[in-house]
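Step one of this worksheet: look at the structure below.
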Amino acid sequence: MRLTGHTDYALRLLMYLGRQQGRLVTVQEIAKAHGISEHHLRKVAHRLGQAGLVATWRGRAGGLRLAQPPASISVGAVVRLAESDFTIVECFNATRNTCQLAGACRLQEGLHRATEAYLSHLDRQTLADLI
């Protein structure tokens, strides 16, 4: 299983904010600290704000901070939010599946269970565990 850069940035942003409890942090500060794209990080921050994980303030004195305690933010929930697709193999998508083994193959079931186990493990971890 491979996570997208969007998910990586989301987790890094949340960990950074978790270590900065009590103060507003700018996207620029986080991007500089991690050596990552400020433009992409802004998109991530916006999405996390929409999900209620990050509180945002605009303007000159604006910034970000966690909207919830780190112990209440599930890593699995963040991964599900940030990842757009868990289609690891073609047969996971019924509309695009052209596999000749469909219906007779047990690989799909095994990979589905493995994905669920992966996410279930991440559900048991919180942002507090990471920081």
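The values are calculated or read from the model by the stated rules, or taken from the named source; none is laboratory data. Since the structure is predicted, the reported quantities are computational estimates derived from the model, not experimental observations. Methodologically, a virtual Cβ is constructed for each residue, glycine included, from the backbone with ideal geometry; neighbour enumeration extends over all protein chains shown.
Remarks
- Check on Cys91, modelled with pLDDT under 80, over 16 Å from Gly5 (Cα atoms), touching a helix residue (DSSP H, G or I) at 6+ places or on another chain (Cβ under 6 Å) and in a helix (DSSP H, G or I): yes
- The lone exception for Val75 - which of (1) surrounded by 15 or more Cβ atoms within 10 Å (Cβ to Cβ); (2) of a type in the set (A, V, I, L, M); (3) in contact with a helix residue (DSSP H, G or I) (Cβ under 6 Å, 6 or more places away or on another chain); (4) at pLDDT below 95 it fails: (4)
- The set of residues from the stretch 10-25 being touching a residue at least 60 places away in the same chain (Cβ under 8 Å) and farther than 14 Å from Thr56 by Cα comprises Ala10, Leu11, Met15, Gly18, Arg19.
- Some residue of the stretch 44-61 being assigned to a helix (DSSP H, G or I) and either exposed (fewer than 13 other Cβ atoms within 10 Å of the Cβ) or among the aromatic types (Phe, Trp, Tyr) (or both): yes
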